[in-house]
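The values are calculated or read from the model by the stated rules, or taken from the named source; none is laboratory data. Keep in mind it's a predicted model, so treat the numbers as computed, not measured. So basically every Cβ, Gly included, is an ideal-geometry build from the backbone, and we count neighbours across all protein chains shown.
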Amino acid sequence: MLDHREIGVFASLEECRAIARKYLQDLDGGEDAGDYECGKNCKFKPDMSIEVCEATER
């Protein structure tokens, strides 16, 4: 992944997908401008400097 953007916290996977797709459509390249991943119950792990999620889906 070359560029990472956090765009919010969502109540459902469906809401995350809809907002992520809208975000990509608003970019110059449309949905082809990138990809997205929705994570469930993510927590930042300072010892690893990353967020770890129970599950991730597109």
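The table for this structure:
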{"item": "Qualifying residue in region 21-39 (condition: among the polar types (S, T, N, Q) and in contact (Cβ under 8 Å) with a residue 12 or more places away in the chain)", "result": "no"}
{"item": "Subset of region 5-35 (residues that are assigned to a loop (DSSP other than H, G, I, E, B) and at pLDDT below 90)", "result": "Arg5, Glu6, Leu27, Asp28, Gly29, Gly34, Asp35"}
{"item": "Failed condition for Glu51, given (1) surrounded by 12 or more Cβ atoms within 10 Å (Cβ to Cβ); (2) out of contact with any helix residue (DSSP H, G or I) (no Cβ under 7 Å at 6 or more places or on another chain); (3) part of a helix (DSSP H, G or I)", "result": "(3)"}
{"item": "Residues (exposed (fewer than 12 other Cβ atoms within 10 Å of the Cβ) and in a loop (DSSP other than H, G, I, E, B)) located in region 36-48", "result": "Asn41, Pro46, Asp47, Met48"}
